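The values are calculated or read from the model by the stated rules, or taken from the named source; none is laboratory data. These numbers come from a predicted model, not from an experiment. As a convention, Cβ positions derive from the backbone with ideal geometry for all residues, glycine included, and neighbour counts pool all protein chains shown.
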Amino acid sequence: MTQPARIGIVTVSDRASRGEYEDRGGPAIREYLDEVLTSPFEPVARVVPDEVEAVASALVELCDARGCSLVITTGGTGPAVRDVTPEATEAVCQKMMPGFGELMRKVSLEKVPTAILSRQTAGIRGRALIVNLPGQPKAIRECLDAVFPAIPYCIDLVDGAYLTTDESRIAAFRPKSAKPPAGVER
Amino acid sequence: MTQPARIGIVTVSDRASRGEYEDRGGPAIREYLDEVLTSPFEPVARVVPDEVEAVASALVELCDARGCSLVITTGGTGPAVRDVTPEATEAVCQKMMPGFGELMRKVSLEKVPTAILSRQTAGIRGRALIVNLPGQPKAIRECLDAVFPAIPYCIDLVDGAYLTTDESRIAAFRPKSAKPPAGVER
Amino acid sequence: MTQPARIGIVTVSDRASRGEYEDRGGPAIREYLDEVLTSPFEPVARVVPDEVEAVASALVELCDARGCSLVITTGGTGPAVRDVTPEATEAVCQKMMPGFGELMRKVSLEKVPTAILSRQTAGIRGRALIVNLPGQPKAIRECLDAVFPAIPYCIDLVDGAYLTTDESRIAAFRPKSAKPPAGVER
């Protein structure tokens, strides 16, 4: 029997980290994962201030010490001086994945012209995929709907956990040649 | 009463900087701003050769010494050895904004397949947004039409000047939560 | 009379480089060029393992020693730990051309949602354009169809060979102001 996949959820917000503001992004991501994933998973949530060091440390801890296969951040992707999530992500990733940011900006742009102000990106650290999302719950869902079909196979390719999704909700794509690990039904 | 926003316009061209060629890009940007902006602004124009040091110096002077909130460049974004505007922009920016280049290439691609050869980008230096545009006046207008709706709010987010636009021409987007500074009507 | 353009074709694959696997990507690129180019060209093929040093050396040799005007790679653009073609490309290029990767991911995304996992890019080294393609022959054709219209003019701009295409197949775009070299018909 396989262990549940660990998935990190990092809310990046000065106010939320000081308790001045209720974290809405983190719970929105958790709710989305509950709705979409059919394989067992264990969420690991963190709330950190908008500082490169704090965000980078949380990402490293979640990937390396906690063994997350996927880490999703929310917030800190804009042009303001305190928005540093993409810089922290780039600092800890071995490989950047530009296609995630391109596609998320494209789908957000259908809703609002300021979508081009988001600098959100994605990358690989060890056996984990890290994906930046915007801060607004509505934008979080739009972005995840766009990129989630590619996430399970991406994690396969870096030897992370095997994720499966509710196909009526998100049709995760794997090439026919990709085989599930022993004991796991596709 | 608020001071007029300063907007830098940088023509990057060896020939224009030597006076061998009439600068057409700079005036096209000026004309566009006159047409679209309803808030007062003061243009500050520069013409520099295609050299990283010259372009970077002009950007730094306009952002830091002249206090521009927006600096628009024209020219020098192609693959040729003398095309160095994106490199100079990256050298002086604290944050890069990849969504601008992505969207401008996308709209230019509807006109001409060589749009993918443009390496134009955008970024933040202090309280200023720097945006690279192509050299051709027609392409300048197409690119500005695409990204201008996001520019005023971007400048708000970096504490630059408050810009307003002729809504019949460019519908600048600001979230409902964004408030104009004291004494300025939205 | 002009010399044939040299075009490098680099298959990046551990298995193909050890002879355990038939190289299908390299021949697919060669076949595409035979079909599309009407100007004379000489292909120079290499098969290398998925290692930054090996890929970078092949690119440098093809551009600098062999005088290729265009070098096309296939394979090694995904998120896996052995996928390093984009890193090797970036290491040897003086200028990166982000528009190529953006457009190739966009067209591949119409076929398969995992297209965003490709990190393929392009760049300029001296008088050569280097373009990364995916490994699958079908995806190679889709990507080349998308970007080839811009390739001949890109190579003109870096003083490489003058390429012409079968217009019924690929309508290579050059601005009206662009003149072919002496003795070459457009």
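Residue selection: A:Arg119 satisfies the criterion of being basic (Lys, Arg) and either crowded, with 24+ Cβ neighbours inside 10 Å or at the interface with another protein chain (Cβ under 7 Å from one of its Cβ atoms) (or both). Residue count for the range A:6-31 satisfying the condition of being outside any loop (DSSP other than H, G, I, E, B) and either among the polar types (S, T, N, Q) or surrounded by fewer than 21 Cβ atoms within 10 Å (Cβ to Cβ) (or both): 8. Count of the range B:83-103 residues, restricted to those that are within 9 Å of another protein chain (Cβ to nearest Cβ) and in contact with a strand residue (DSSP E or B) (Cβ under 9 Å, 6 or more places away or on another chain), is 12.
Restricted to helices (runs of 4 or more DSSP H) entirely inside the range C:52-114, those with at least 2 residues that are more than 22 Å from A:Glu102 (Cα to Cα) and at pLDDT 95 or above are C:52-60, C:85-92. Each residue in the range B:133-184 was checked for being more than 24 Å from B:Val55 (Cα to Cα), away from every other protein chain (no Cβ under 12 Å) and acidic (Asp, Glu), and 2 pass. Of all residues in the range C:32-51, those being in contact (Cβ under 8 Å) with a residue 60 or more places away in the chain and assigned to a strand (DSSP E or B) number 2. Only one of the numbered conditions (1) within 14 Å of chain B (Cβ to nearest Cβ); (2) within 12 Å of the chain's Cα centre (by Cα) is not met by A:Thr114, and that is (2). Scan the range B:64-79 and tell me whether some residue there is more than 14 Å from chain A (Cβ to nearest Cβ), surrounded by fewer than 22 Cβ atoms within 10 Å (Cβ to Cβ) and out of contact with any Gly (no Cβ under 8 Å at 6 or more places or on another chain). Looking through the range B:64-79, at least one residue is more than 14 Å from chain A (Cβ to nearest Cβ), surrounded by fewer than 22 Cβ atoms within 10 Å (Cβ to Cβ) and out of contact with any Gly (no Cβ under 8 Å at 6 or more places or on another chain).
Only residues that are buried (at least 20 other Cβ atoms within 10 Å of the Cβ) and among the polar types (S, T, N, Q) were counted in the range A:32-49, giving 0.
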